[in-house]
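S.K.: Please find one structure pasted underneath; my questions will follow.
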Amino acid sequence: MPLLRRFVVRSILAALCLVADTLSAAEQTLRVAVLENSPPMSFREPDGNLTGFSVEIIRAVCGEMQARCEIDTTMLEHVLDALTRDEIDIAAVSLLDTPERRARILLTKPYHRSTSIWFAKPGVLPGDRNIRVAAVKGSAQERYARSQGWNTVPVLTNGELGKPLLAGVAQAAIVPMLTSLALTKDREFQALGLTSTVMKAPELTGNASFGINPRRPELKEAVDKALETIKLSGVYEKINSQFLPFRVH
């Protein structure tokens with residue numbers, strides 16, 4: 001075969017391989033976990049469809065990456081283990097940047113700022129020690145409550161944070177600010193007449209990110225890029241307005 005022809009054939013084969021690799025990357029299936037009962041971040045509609053701010057953000061990110069994402073639900077306490085055991089690729093969950101999390105998983109660029117709200121019966125203050133405080137199991141809020149020496153009343157989901165207060169099992173709760181939006185709309189919760197205080201502890205305030213499987217550093221880069229793109233394109237703003245009454249970025 002003449003030299004020129006061999007060169008052309010090799011160039012075509014190389015191009016075909018590149019196209020195949022690109023298609024394979026575009027069609028990859030990513031295992032994504034979200035929380036199920038954490039309105040307005042993630043929740044099920046009456047028809048069973050999963051939606052919410054975090055859910056729609058990750059769907060937009062997957063669309064931007066041209067990746068097929070299989071979305072399933074999990075509990076916050078299982079997120080770190082699921083990522084480190086290679087059971088999921090992305091945890092589309094609001095994770096505050098903590099040393100423990102940094103040591104075990106990869107965190108994307110922040111997708112919103114987070115803080116926490118202290119809800120308690122009148123007269124019950126964060127400085128008190130002999131109190132029972134409700135917090136989501138596996139959360140930064142639960143970790144903080146334990147560090148303060150409080151007796152913790154763990155719940156599995158953000159949507160359940162009001163139950164220990166309603167039942168009189170807990171005297172206070174530490175609630176992520178965005179989760180508190182849904183909680184304060186509940187009439188039974190309103191009837192408790194609780195006081196609320198923004199907690200300024202650095203452990204409870206800061207950037208919230210998605211978690212990435214530590215074996216997939218290239219995925220973190222792709223998700224970071226996609227997050228930037230949907231912010232610039234206005235998609236992020238549209239989702240923000242759909243689920244939240246104020247801007248969070």
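The values are calculated or read from the model by the stated rules, or taken from the named source; none is laboratory data. Please read these numbers as outputs of a predicted model, since none were measured by experiment. Neighbour counts are summed over all protein chains in view; Cβ atoms, including those assigned to glycine, are modelled from backbone coordinates with ideal geometry. For the accessible areas, the whole protein counts, side chains as well, though only heavy atoms, and no ligand, DNA or RNA atoms are used. Shrake-Rupley method; radii C 1.70, N 1.55, O 1.52, S 1.80 Å.
S.K.: Pop a pseudo-label 7 angstrom from the Cα along the beta-carbon direction at both ALA103 and ALA167 and give the gap in nm to one decimal.
M.R.: Result: 3.3 nm between the two label points.
S.K.: I need the fraction of alpha carbon pairs in the stretch 186-249 separated by more than 14 Å, rounded to a whole percent.
M.R.: Tail of the P(r) past 14 Å holds 75 percent of the pairs.
S.K.: THR152's amide H: which non-local residues (gap 5+, or another chain) put their own amide H closer than 5 Å, with H modeled 1.01 Å from N in plane and none for Pro or chain starts?
M.R.: Counting only residues 5 or more places away or on other chains, the set is VAL133.
S.K.: Considering only protein heavy atoms and a 1.4 Å probe, what is the carbon-and-sulfur percentage of the accessible area of the stretch 65-126?
M.R.: 49
S.K.: Then there is this: Any idea how many Lys pairs in the chain come in under 24 angstrom at the alpha carbon, given 8 or more places apart or on separate chains?
M.R.: 18
S.K.: Right, another one. Which percent of Cα pairs goes in each bin when the distances of the stretch 65-219 are cut into 5 angstrom slices starting at zero?
M.R.: Histogram of Cα-Cα distances, whole percents per bin: 2, 9, 18, 22, 18, 13, 9, 6, 3, 1, 0.
S.K.: Could you run the Karplus curve 6.51 cos²θ - 1.76 cosθ + 1.60 with θ = phi - 60° over the stretch 55-65 and give me ³J(HN,Hα) per residue in whole Hz, x for Gly and Pro?
M.R.: Calculated HN-Hα couplings, in order: 5, 6, 5, 5, 5, 5, 5, 4, x, 5, 7 Hz.
S.K.: I would also like to ask the following. In nm, give the distance between the simple-model label positions of THR205 and ARG31, each being 7 Å from the Cα along the Cα-to-Cβ direction.
M.R.: 3.8
S.K.: Now for a different question. Hey, can you find the accessible area per residue of the chain for me, probe 1.4 Å, expressed in square angstrom?
M.R.: Averaged over the residues of the chain, the accessible area is 52 Å².
S.K.: Something else: With the crude spin-label approximation of a point 7 Å out along Cα→Cβ, what separation in nm comes out for GLN242 versus LEU125?
M.R.: Going from the GLN242 label point to the LEU125 one covers 4.4 nm.
S.K.: Over the chain, what is the relative contact order in whole percent, taking alpha-carbon pairs under 8 Å and six or more residues apart?
M.R.: 26
S.K.: Could you work out [θ]222 nm for the chain from helices alone, using -39500 (n - 2.57) per DSSP H run of at least four and dividing by all its residues? Round to the nearest 500 deg cm²/dmol.
M.R.: -11500 deg cm²/dmol
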